[in-house]
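Only one structure is covered here, and it is reproduced in the block below.
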Amino acid sequence: MAIKLGESNGKWKRGYYTNDKGYLRHSSGPHRSRYVHRQVLANLCAVWCYYPLDPATGLPFGFTVEHLDHRRAHNCIDNLILLDIRIHNYLSWSSWLNKDRVGVVYEPDLSEGYDGDF
């Protein structure tokens, strides 16, 4: 019995898999094991970026990729942003430290009337 490879295998998922954190990764080809969102921006940076690129990642040195809508499997170019790693780490840590307050919306007390200024 021959082993079925690629699309002929019933478990084929078009060369991608989702890791335990919810990120899509390449499962075959020249980008095997790379995160899809990083590869999408690396392809864009190869053409348009004027910063020096890290040969290991294809991204500019000191930069990382962030999903604008925070959905890890949404890798559309319109949903990805290139961020300085220091800004990314600051935003990640500050959201982690304030995790109990995430999603809380400030609602002013309007019981005494609204004067147009908060």
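The values are calculated or read from the model by the stated rules, or taken from the named source; none is laboratory data. It should be emphasised that the depicted structure is a prediction, and the values quoted were computed from it without experimental measurement. Ideal geometry is used to build each Cβ from the backbone, glycine not excepted, and the neighbour counts take in all protein chains shown.
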query: List, please: which pairs have Cβ atoms under 9 Å, are six or more places apart or on different chains, and start with a residue in region 15-34 that is in a strand (DSSP E or B) and end with one that is hydrophobic (A, V, I, L, M, F, W, C) and exposed (fewer than 13 other Cβ atoms within 10 Å of the Cβ)?
result: Thr18/Ala73; Leu24/Ala73
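Any idea which residue in region 72-118 is modelled with the lowest pLDDT, counting only those that are of a type in the set (A, V, I, L, M) and touching a Ser or Thr at 6+ places or on another chain (Cβ under 8 Å)? Quick ask: steps written out before the conclusion?
Of the residues in region 72-118, the ones of a type in the set (A, V, I, L, M) are 73, 77, 80-83, 85, 87, 91, 97, 102, 104-105, 110.
After this cut, where a residue has to be touching a Ser or Thr at 6+ places or on another chain (Cβ under 8 Å) as well, the list is 73, 82-83, 85, 102.
Working: Ala73: 88, Leu82: 94, Leu83: 94, Ile85: 92, Val102: 50.
Per the criteria, the residue is Val102.
Within region 41-56, how many residues turn out to be assigned to a loop (DSSP other than H, G, I, E, B) and surrounded by 12 or more Cβ atoms within 10 Å (Cβ to Cβ)?
Applying the first criterion (assigned to a loop (DSSP other than H, G, I, E, B)) to region 41-56 yields 49-52, 54-56.
Keeping just the survivors that are surrounded by 12 or more Cβ atoms within 10 Å (Cβ to Cβ) gives 49, 51, 54.
Residues that pass the stated criteria total 3.
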task: Find the residue count for region 71-90, including only residues that are touching a residue at least 24 places away in the same chain (Cβ under 8 Å) and aliphatic (A, V, I, L, M).
output: 4
